[in-house]
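One structure is given here, and the rest of the page talks about it.
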Amino acid sequence: MDQLSRAPEATLMAICEALGLPYDPAMLRWPAGPHPSDGVWGPHWYTKTWDSTGFVVSPHADVEPPRPDADYLEEAVEIYHRLREHALAVPERR
């Protein structure tokens, strides 16, 4: 499950604290539409982002994506779990 989508406020607070940055509730919302920093690929990559104004929990957030049958998959999953051990701990949203 995507931690930022599941608990955006708690996740952003934890990230700010870990980096020594002040948290601002304005981080949870943004104006709809394109932004100057989107670059030339913005119209191709960011259409759903341009329609959004804040974080939304995906209705599929708890669904495990299908695993491809690939030689490298087992090693990649192992590396992911090693990296995940170092993720910021964010309290579950109730």
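How many residues are over 20 Å from residue 5 (Cα atoms) and either assigned to a loop (DSSP other than H, G, I, E, B) or not polar (S, T, N, Q) (or both) when one looks only at the range 34-65? Spell out the reasoning first.
First pass over the range 34-65, keeping only residues over 20 Å from residue 5 (Cα atoms): 34-44.
Remaining after also requiring either assigned to a loop (DSSP other than H, G, I, E, B) or not polar (S, T, N, Q) (or both): 34-36, 38-44.
So the count comes out to 10.
Within the range 22-59, work out how many residues are open to solvent by 80 Å² or more (accessible area, probe 1.4 Å) and touching a residue at least 40 places away in the same chain (Cβ under 8 Å).
1
Looking only at the range 1-59, which residues are touching a Phe, Trp or Tyr at 6+ places or on another chain (Cβ under 6 Å) and among the charged types (D, E, K, R)?
38
Output the number of residues of the range 67-91 satisfying the condition of being over 30 Å from residue 20 (Cβ atoms), assigned to a helix (DSSP H, G or I) and open to solvent by 90 Å² or more (accessible area, probe 1.4 Å).
To start, the set of residues in the range 67-91 that are over 30 Å from residue 20 (Cβ atoms) comprises 67-78.
Going one step further and asking which of them are assigned to a helix (DSSP H, G or I), we end up with 73-78.
From what's left, open to solvent by 90 Å² or more (accessible area, probe 1.4 Å): 74-75, 78.
So the count comes out to 3.
The values are calculated or read from the model by the stated rules, or taken from the named source; none is laboratory data. Since the model is a prediction, treat every value here as computed from it, not as a measurement. Glycine gets a Cβ as well: all are built from the backbone with ideal geometry, and neighbour counts include every protein chain shown. These area figures cover heavy atoms from the full protein model, side chains too; ligands, DNA and RNA do not enter into them. Shrake-Rupley method; radii C 1.70, N 1.55, O 1.52, S 1.80 Å.
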